[in-house]
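Structure, as structure tokens:
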Amino acid sequence: MSAHHHEAVSVEEQFEFTSESKRQLAIGFGIGVVLVLIGAYLLANGGGGHEAAHGAAAHGAEHAHGAAGHHEYKWTTRLWANLWTNSIYFTGISVIGMFFICYNYLAQAGWSVVFKRIPEAMPAFLPVTGLLMLLTFFVAGHDMFHWTQEGITDPKSANYDAIIAGKSAFLNTPFYIIRLVIYFTLWYGLWRVLRSFSLKEDLEGGTEYYEKSIKFGVAFLVVFAITSSTAAWDFVMSIDTHWFSTMFGWYTLASWHVAGLAVMTLTVVTLKERGYLQAVNESHLHDLGKFCFAFTVFWTYVWFAQFLLIYYANLPEEAIYYRERFSGYGGIFKGPFFINIILNFFVPFLVLMTRDAKRTTRVLKVACWSIIVGHYFDFWNNVMPGTVGEHAGFGPVEFGFILMFATAFIWSVSTQLTKANLIPRNHPMLEESLHHDIA
Amino acid sequence: MAESTGKFLVGVYDDDDVILEAVGKVKQAGVKIHEVYSPFAIHGMDVAIGHPRTRIGIAAFMFGVTGLACGLALILWTMGFDWPMIIGGKDPISFPNYVPVLFEMTVLFTAFGMTFTFFISNGFGPTVKPLLFDPRCTDNKFVMAIDLSKNKLSEAEIATVLKSSGAEEVSVKQV
């Protein structure tokens, strides 16, 4: 049986982050910066003289609006909205690495141990996205979040909005910032704990760190059960302040989860193709493929459940969310709306359906890329209508920001991978994982 | 599985690892194995025996597609044509409304289809008496059955092979 082949596989592997890779990533990041600069220049000049002048002046004077009692669009909002979209997307992918490790500890799963270092490397990016989100909120919060506007809870103000005032116990700036800091501190802090256990286990062995990891892993799951929902309300849903959906926490978690799984799978496949992780066999790939397939369906289920209820009930305050995306702003969101469903459901669902597909690296890569690109659209479609509306689009700014975030994320993961043996050599379940065989 | 009658040689083993290795040894000695019976699934056993790959996934897909088609026919005809109804201000024929029905019918047909496939392929039925070479294979023993009519080696030779591969008992059974 295949079990006999494993003796030849070495568990001693050191990932090398080559200077060539670093150079390529640096160039990619540089291209991203250039694209954003070009895009910003085009936006600043393309929006008409008045708007451009206003935008340039707006950098230092965020509170300048309000004279007309209305929200005036600044071209810089599109930059901030892009920064926000990418930040929440990569926050999700990063934190899902932690989520994956923790539920594997909770289930005492053995099969995933051999590639555990990959999800373990992902959350290191969290401080970057966390700080960028804080920065974005401080600088451009007023342009993106309706509820942060001055006087919105003051009945005497021209800006007063009774619905938003009713939500102000939760949606107010101090509490929002506290929550944001709490999320990132807890997620990143607990990851640091688990990571240090994992590295110590590599040196010392034994089951002590395994037992401890289960405890802290479960603690994270409890934390994440609450914070994943509230973070979804804060990061995404609060942009459309009047609107709410009770499905939204699940919906965002599902989106993050499947995107994180796709990134993880793609990383494992890529490393294997480059000669690392030879201990990862077809059964591991098959199970990773099943994860991607299953949570593709789960995301679609949540997406559709949210849609169907709102569609059928047809209450104006709920249906506005889909109206904006379907026919609002000149219909510019209709394309991405359908791309979202095609890339996130139909492509991975049909491509990954058979057993052999999940064991074929080329097919896995197609499905993973579809999911990764698709869920960018998912978040883009959630953030853009409420922040930039008819000024949204796909230009140099969008591609530049994606490139910057992607290269930085790959850099962060690669750096983490160099810090330890690529296979957790003293994990008590390693032997089971090396012999993983689901036929 | 297959409907066979005739003389069988039945080897009883005590351990799943032993019988998994025994399958290889018996095959190497040139003996054709009819089937292996076990109280639980043994990883790698179907590959070891050399059974052709299961087509159960294809069957499930076909049942699902049939359910989808039937569901679509049902809801289109009843809701759209035979007695058009406007519910919640939606057109009688509007796809999002249909999705739950289509989904449920797909699942229903697949579930029933797979259940009946399981019954038929295992020869289960209300009046059928299941073929059991040794009832202990439902408890704590592992049983290998050899169809003597399909093997060139003699009964005594095969019995020796089974014994040397780790069988605790070897007996002849007429079915």
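Checking B:Ile93 against (1) more than 14 Å from every other protein chain (Cβ to nearest Cβ); (2) modelled with pLDDT under 90, only one condition comes out false. Which one?
(2)
So A:Leu261 clears everything in (1) buried (at least 23 other Cβ atoms within 10 Å of the Cβ); (2) within 19 Å of A:Asn382 (Cβ to Cβ); (3) in contact (Cβ under 8 Å) with a residue 60 or more places away in the chain except one condition, right? Which one?
Failing condition for A:Leu261: (2).
Please state which of the following conditions B:Gly125 fails to meet, knowing it meets all the rest: (1) small (Gly, Ala, Ser); (2) loosely packed, with under 14 Cβ neighbours inside 10 Å; (3) part of a helix (DSSP H, G or I).
(3)
Find all pairs meeting these conditions: Cβ atoms under 7 angstrom apart; at least six residues apart or on different chains; first residue within the range A:344-370 and farther than 11 Å from A:Val269 by Cβ; second residue at pLDDT 95 or above and outside any helix (DSSP H, G or I).
A:Lys358/A:Leu352
Would you kindly identify the helices (runs of 4 or more DSSP H) lying entirely within the range A:269-360 that contain at least 2 residues that are among the small types (Gly, Ala, Ser) and either under 30 Å from A:Pro424 (Cβ atoms) or within 14 Å of chain B (Cβ to nearest Cβ) (or both)?
Details: elements: A:282-313, A:316-326, A:334-341, A:347-351, A:355-359.
Correct list: A:282-313.
The rows are residues; the columns are (1) part of a loop (DSSP other than H, G, I, E, B); (2) within 13 Å of another protein chain (Cβ to nearest Cβ); (3) closer than 30 Å to B:Asn140 by Cβ; (4) among the basic types (Lys, Arg).
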| position | (1), (2), (3), (4) |
| --- | --- |
| B:Asp46 | no, yes, yes, no |
| B:Thr54 | yes, yes, yes, no |
| B:Gly57 | no, yes, no, no |
| B:Phe61 | no, yes, no, no |
| B:Gly64 | no, yes, no, no |
| B:Cys70 | no, no, no, no |
| B:Ala73 | no, no, no, no |
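Of B:Tyr37, B:Tyr13, which residue is more than 14 Å from chain A (Cβ to nearest Cβ), under 21 Å from the mean Cα position of the chain (by Cα) and not hydrophobic (A, V, I, L, M, F, W, C)?
On the way: B:Tyr13 fails: under 21 Å from the mean Cα position of the chain (by Cα).
The match here is B:Tyr37.
Restrict the check to the range A:128-140 and report whether at least one residue is part of a loop (DSSP other than H, G, I, E, B), modelled with pLDDT of 90 or more and closer than 16 Å to A:Asp234 by Cα.
Our first condition is that a residue be part of a loop (DSSP other than H, G, I, E, B); within the range A:128-140, this holds for none.
Looking for residues that are part of a loop (DSSP other than H, G, I, E, B), modelled with pLDDT of 90 or more and closer than 16 Å to A:Asp234 by Cα, one finds none in the range A:128-140, hence no.
Which residues, taken from the range A:385-439, are within 14 Å of another protein chain (Cβ to nearest Cβ) and among the aliphatic types (A, V, I, L, M)? Even if it seems obvious, please write down each step before you answer.
Taking the range A:385-439 as the starting set, the residues that turn out to be within 14 Å of another protein chain (Cβ to nearest Cβ) are A:432, A:435-439.
Scanning the range A:385-439 gives A:Ile438, A:Ala439.
The values are calculated or read from the model by the stated rules, or taken from the named source; none is laboratory data. Model, not experiment: these values are computed from the prediction. Backbone-built Cβ (ideal geometry, glycine too); neighbour counts: all protein chains shown.
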